[in-house]
Amino acid sequence: MPTANSKSNTTPTLASTGIYAHVVGWGMAVPENVMTNDDLSAFIDTTDEWIRARTGIRERHIASERESTATLGLKAAQQALDVADILPIELDLVIVATSTPENIFPSTASLIQDQLGASKAGAFDLSAACSGFVYGVQMGAQAIRSGSVQTVLIIGAETMSRVMNWNDRGTCILFGDGAGAVVLRASQEEGGVLSAVLRSDGSGGDLLGIPTVGSLDVLSSKAGLENGHSMSKMYMNGGEVFKFATRVIGDSIMQAVAQAGITLSDIRLIIPHQANERIIQAAARHLKIDSALFMMNVERYGNTSAASIPIALAEAVKEGRIKEGDHIAFVGFGGGLTWASMVIKWGVPTPGETAILKKQRREFSYLLARWRAALRRISRRISEAFHIFRPVQGRLARLRRKVDNSPLV
Ligand code: UT7
């Protein structure tokens, strides 16, 4: 069985460049549809009592046919840009942590980058299951500290309902859909992401996963589906994952705290991956701290995988549980197996007076993004069909350049 690596990560995370990566924006989005425990017990053999006692979950949000990982991620991202009061064009990088992307490629990050009109950003998806958001924040922070980028959007977004085996009462009662996002920005002010401990133990890959078509064609492979797993549906050994989670949470938080050069008593709030209330309570006992120090909202959303930490963060800020100068910690764990902890010193600058002007410009950017995408597709089709008709191509190319260079995008 996997064990938490007790060796502390000695890599210094505060870059010698003197650049710090601060969280300056946050947001969340969940579908409107709510599925209660009683709704579940109407079609599988379970009860509200059992689910609440074993997990703490009362309800979860489930995406409608028109919602997807990208639509939820886009909403959360737009909220985060509003809080940060920045324009999409200011983004250098868009990272989406997800286990339920729209496709293997194009990435969900590229879809969201396009819909935002973030035309100067790179974009990629990150696969580290429920630890993915913490991995993503660390990738963004490292890119900022290296001096290569200024502003990074990190989104954790999932439509877990699409990969559930709705006949498996051991898993389908746990998960929900949603998205959360943060904007990280370079600053000379000390603070922001202070430390991160990222870990993996691939020997536990058989405990939790979603088989899909990849370089190993699981449809024809004996190995892929031999344990009775279904294509594109999640399987989980709940008991073993529970034990793994309770073992790694405490150790990895302690490593991240030590790496940040502080002690556990300096931490104002711990935001754990929201998988099960009992896991969080066990971690609190292990760390000998009050479970009230942990942010918990699993009751209302269930386990939203990579989205759970940024959703809980957005709610914690709204509830006034995080103030400027506070040290907070994130801890994620899940498939891979993977786990990750991080310490952040919260230091959010006051929004500027240009907030209203920028909001209008952001909305214009979203509108223009749709036109630009449509124009590009049309221009590609015309170019394909009339590749010999160069004057038309020239005019379309000039028009595209005009739209791309518009100061409003
Ligand atoms: O984000 C990824 C990380 N994933 C997790 O963190 C999940 C971690 N695991 C868990 O949260 C828990 O293991 C579960 C909630 C999945 C299961 O709770 P448990 O306390 O470990 O229950 P169990 O699997 O040991 O099952 C106990 C009993 C069994 O019945 P018998 O064999 O004792 O008669 C199960 O068949 O409960 C039964 N059971 C249920 N009964 C009613 C299992 N699922 C259900 C259900 N409703 N939904």
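Under the condition of being more than 21 Å from the chain's Cα centre (by Cα) and not acidic (D, E), which residue from segment 181-201 is nearest to the ligand (Cβ to nearest atom)? Applying the filter and picking the extreme gives G191. Scanning segment 52-78 for residues that are under 25 Å from the mean Cα position of the chain (by Cα) and surrounded by fewer than 16 Cβ atoms within 10 Å (Cβ to Cβ) gives S64, E65, R66. Regarding S305, is this residue of a type in the set (G, A, S), open to solvent by less than 40 Å² (accessible area, probe 1.4 Å), within 10 Å of the ligand (Cβ to nearest atom) and closer than 22 Å to M28 by Cα? Considered against the rule, which asks whether it is of a type in the set (G, A, S), open to solvent by less than 40 Å² (accessible area, probe 1.4 Å), within 10 Å of the ligand (Cβ to nearest atom) and closer than 22 Å to M28 by Cα, S305 comes out as yes. Condition check for E102 on (1) away from the ligand (no atom under 16 Å from the Cβ); (2) closer than 20 Å to M236 by Cβ; (3) open to solvent by 30 Å² or more (accessible area, probe 1.4 Å): one failure, at (2). When only residues in segment 33-51 that are assigned to a helix (DSSP H, G or I) and without any contact (Cβ under 8 Å) to a residue 40 or more places away in the chain count, which is most open to solvent (accessible area, probe 1.4 Å)? If we take residues in segment 33-51 being assigned to a helix (DSSP H, G or I) and without any contact (Cβ under 8 Å) to a residue 40 or more places away in the chain, then E49 is most open to solvent (accessible area, probe 1.4 Å).
For every residue, the table says whether it meets (1) touching a residue at least 60 places away in the same chain (Cβ under 8 Å); (2) aromatic (F, W, Y).
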position	(1), (2)
F133	yes, yes
R145	yes, no
V149	no, no
V152	yes, no
R162	yes, no
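Return yes or no: is A292 assigned by TED's automatic domain parsing to the domain that holds G334 and surrounded by fewer than 19 Cβ atoms within 10 Å (Cβ to Cβ)? Yes; evaluated as a whole, the condition is true for this residue.
Set side by side, the residues D114, D125 differ, and just one is among the acidic types (D, E), part of a helix (DSSP H, G or I), open to solvent by less than 50 Å² (accessible area, probe 1.4 Å) and touching a strand residue (DSSP E or B) at 6+ places or on another chain (Cβ under 9 Å), which is D114.
Filtered by the rule that a residue be over 25 Å from T71 (Cα atoms) and either within 16 Å of the ligand (Cβ to nearest atom) or assigned to a strand (DSSP E or B) (or both), segment 129-170 gives N167, D168, R169, G170.
Within segment 303-324, restricting attention to residues that are modelled with pLDDT of 95 or more and of a type in the set (G, A, S), the residue that is nearest to G209 (Cα to Cα) is S305. There is no residue in segment 202-218 that is of a type in the set (S, T, N, Q), within 16 Å of the ligand (Cβ to nearest atom) and modelled with pLDDT of 95 or more. Among the candidates S221, S291, the residue that is at pLDDT below 95 and either within 25 Å of A53 (Cα to Cα) or away from the ligand (no atom under 16 Å from the Cβ) (or both) is uniquely S221. Only one of the numbered conditions (1) farther than 27 Å from E158 by Cβ; (2) surrounded by 20 or more Cβ atoms within 10 Å (Cβ to Cβ) is violated by R285, and that is (2).
When segment 284-308 is filtered for residues that are in contact with a Phe, Trp or Tyr (Cβ under 8 Å, 6 or more places away or on another chain) and within 25 Å of A181 (Cα to Cα), the ones remaining, listed by number, are G302, N303, T304, S305, A306, A307, S308.
Restricting segment 316-338 to residues that are within 13 Å of Q274 (Cα to Cα) and of a type outside the set (A, V, I, L, M), the residue that is surrounded by the fewest Cβ atoms within 10 Å (Cβ to Cβ) is G334.
The values are calculated or read from the model by the stated rules, or taken from the named source; none is laboratory data. All values derive from a computational prediction rather than experimental measurement. Because the Cβ atoms are built from the backbone with ideal geometry, glycine has one as well, and the counts that use them run over all protein chains shown. Areas reflect the complete protein model, heavy atoms only, side chains present, ligands, DNA and RNA absent. Shrake-Rupley method; radii C 1.70, N 1.55, O 1.52, S 1.80 Å.
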